[in-house]
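Enquirer: Take a look at the following structure, please.
The values are calculated or read from the model by the stated rules, or taken from the named source; none is laboratory data. Remember, predicted model here, so these are calculated numbers, not experimental data. As a convention, Cβ positions derive from the backbone with ideal geometry for all residues, glycine included, and neighbour counts pool all protein chains shown. Side chains are part of the model used for accessible areas, which takes the heavy atoms of the whole protein and leaves out ligands, DNA and RNA. Shrake-Rupley method; radii C 1.70, N 1.55, O 1.52, S 1.80 Å.
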Amino acid sequence: MEIKKYCFPPHGDDRGQLVALEAERDIPFPVRRVYYIYDTAEGVTRGLHAHKRLEQILICVHGSCRIRLKDGREEAEVLLDKPWEGLYIANNMWREMYDFSPDAVLLVLASQHYDESDYIRDYAEFLKMVQSEGETE
């Protein structure tokens, strides 16, 4: 499984740091939705789904969290703990966000507007989908 991270160069001086993100320049897709996760209780796992079409960039802009990715064949774990680093998640990728630090703020940039029909929330259904796609390739 290929893990793709993007580095967004911080610009700063003695006043502080700034990271600028431009859709279709720094982000590999048009950004249609932005949201963030914060105040996540200890031991909570978020995500637990995949998307049929949607792509995402995850940036832990404060604190840290871990992301578990599964493509139906392999599994990877990624630590996000730098506000200038983003994790790209393609469609057809199961994601689980967990081990949030108490101060974590996880920013998500999404390629599509919210559409419940794009979600795969059952892991067995996800496995069946990616295995059937592998057979047709």
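Enquirer: Pairs needed: first member in region 1-16, assigned to a loop (DSSP other than H, G, I, E, B); second member anywhere, among the acidic types (Asp, Glu); C-beta distance under 9 Å; at least 6 residues apart or different chains.
Expert: Met1/Asp71; Met1/Glu74; Met1/Glu75; Phe8/Asp26; Phe8/Glu85
Enquirer: Within region 61-100, which residues are in contact (Cβ under 8 Å) with a residue 60 or more places away in the chain and assigned to a strand (DSSP E or B)?
Expert: Leu69, Glu75, Ala76, Val78, Glu85, Gly86, Leu87, Tyr88, Met97
Enquirer: Looking at Thr45, Thr40 in this structure, which one is touching a Lys or Arg at 6+ places or on another chain (Cβ under 9 Å), at pLDDT 95 or above and over 22 Å from Asp118 (Cα atoms)?
Expert: Numbers: Thr45 fails: over 22 Å from Asp118 (Cα atoms).
Criteria check complete, one pass: Thr40.
Enquirer: Scan region 29-37 and give yes if some residue there is open to solvent by 70 Å² or more (accessible area, probe 1.4 Å), modelled with pLDDT under 95 and on the phi < 0 side of the Ramachandran plot, otherwise no.
Expert: No; the residues of region 29-37 include none that is open to solvent by 70 Å² or more (accessible area, probe 1.4 Å), modelled with pLDDT under 95 and on the phi < 0 side of the Ramachandran plot.
Enquirer: Report yes if some residue within region 53-60 is among the charged types (D, E, K, R), within 25 Å of Arg25 (Cα to Cα), in contact with a Cys (Cβ under 9 Å, 6 or more places away or on another chain) and not in a strand (DSSP E or B); otherwise report no.
Expert: Let us first name the residues in region 53-60 that are among the charged types (D, E, K, R), namely 53, 55.
Okay, now just the ones that are also within 25 Å of Arg25 (Cα to Cα), so 53, 55.
From the residues that got through so far, the ones that are in contact with a Cys (Cβ under 9 Å, 6 or more places away or on another chain) too are none.
No; the residues of region 53-60 include none that is among the charged types (D, E, K, R), within 25 Å of Arg25 (Cα to Cα), in contact with a Cys (Cβ under 9 Å, 6 or more places away or on another chain) and not in a strand (DSSP E or B).
Enquirer: Pick from Ala124, Ala110: which is more than 12 Å from the chain's Cα centre (by Cα) and either surrounded by fewer than 18 Cβ atoms within 10 Å (Cβ to Cβ) or of a type outside the set (Val, Ile, Thr) (or both)?
Expert: From the options Ala124, Ala110, the qualifying one is Ala124.
Enquirer: Can you pull out every residue in region 89-104 that is out of contact with any Leu (no Cβ under 8 Å at 6 or more places or on another chain) and over 13 Å from Arg68 (Cβ atoms)?
Expert: Going residue by residue through region 89-104, those that are out of contact with any Leu (no Cβ under 8 Å at 6 or more places or on another chain) are 90, 92, 98-99, 101-104.
The answer is Ala90, Asn92, Ser101, Pro102, Asp103, Ala104.
Enquirer: Cβ-Cβ under 8 Å, sequence separation 6+ or interchain: first residue in region 29-47 and without any contact (Cβ under 8 Å) to a residue 40 or more places away in the chain and in a strand (DSSP E or B), partner surrounded by 13 or more Cβ atoms within 10 Å (Cβ to Cβ) and not aromatic (Phe, Trp, Tyr). Which pairs?
Expert: none
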